[in-house]
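Participant: Dropping the structure in here first, questions after.
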Amino acid sequence: MPRCTAVLVPVGEGDAPLTADLGGVRWIYAFSDEGALARFAVARDVGLRWLLPVALDHLRETAPQEAATGWYDDDLLSAVVTRAESVWREQPRLARRLDETVRMLTDLSSSIRHEVEGFRAALSDVLTA
């Protein structure tokens, strides 16, 4: 029996679906939810002006759940915290918001902790302003 699931398909020029070629096959990007699409876009620096505030809201809203459930959206956090230093210098308020959100988390993986430390070291002047 076939399964039917609604997916989000981002479009590019001329409203054509975004695609990628791999192994001689053209694949259409499709995402199961807005969070998956946001992780994909943020990691590629697409629409950061609009997506970073939304991503930070999501990370902040879900931070308290990390202590209760032990799960956190590390993929989105990694995509956000590893944006170029210039992105955060252009939006220092968002950089401080991200730092505040990360301080709410109690059980980050070692790889995420390393990324957060890099973010904080590069922006120490912005985060303390």
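Participant: List the pairs whose first member sits in the range 1-22 and is more than 20 Å from ASP33 (Cα to Cα), whose second member is assigned to a strand (DSSP E or B) and modelled with pLDDT of 85 or more, and whose Cβ atoms are under 9 Å apart, counting only residues at least 6 apart or on separate chains?
Facilitator: Within 9 Å, the pairs are ASP21/TRP27.
Participant: Any residue at all in the range 42-49 that is under 12 Å from the mean Cα position of the chain (by Cα) and at positive phi?
Facilitator: Taking every residue of the range 42-49 in turn, at least one turns out to be under 12 Å from the mean Cα position of the chain (by Cα) and at positive phi.
Participant: Then there's this: Looking only at residues in the range 93-114 that are surrounded by 14 or more Cβ atoms within 10 Å (Cβ to Cβ) and at pLDDT 95 or above, which one is nearest to the chain's Cα centre (by Cα)?
Facilitator: Among residues in the range 93-114 that are surrounded by 14 or more Cβ atoms within 10 Å (Cβ to Cβ) and at pLDDT 95 or above, the one nearest to the chain's Cα centre (by Cα) is LEU98.
Participant: Could you give me the residue pairs with C-beta distances under 9 Å whose first residue belongs to the range 40-65 and is among the acidic types (Asp, Glu), whose second residue is at pLDDT 85 or above and surrounded by fewer than 14 Cβ atoms within 10 Å (Cβ to Cβ) wherever it lies, and which are 6+ apart or on separate chains?
Facilitator: ASP45/ALA84
Participant: Quick one: would you say TRP27 is of a type in the set (Phe, Trp, Tyr) and either touching a residue at least 40 places away in the same chain (Cβ under 8 Å) or within 21 Å of VAL116 (Cα to Cα) (or both)?
Facilitator: no
Participant: I'd like the full set of residues that are modelled with pLDDT under 90, among the β-branched types (Val, Ile, Thr) and surrounded by fewer than 10 Cβ atoms within 10 Å (Cβ to Cβ), limited to the range 1-37.
Facilitator: THR5
Participant: Restricting to the range 115-129, and then to whatever is part of a helix (DSSP H, G or I) and of a type in the set (A, V, I, L, M), can you tell me which residue is surrounded by the most Cβ atoms within 10 Å (Cβ to Cβ)?
Facilitator: VAL116
The values are calculated or read from the model by the stated rules, or taken from the named source; none is laboratory data. Here the structure is a predicted model, which is why all the values come from computation and not from measurement. Reconstructed Cβ throughout: ideal geometry from the backbone, glycine too, with neighbour counts over all protein chains shown.
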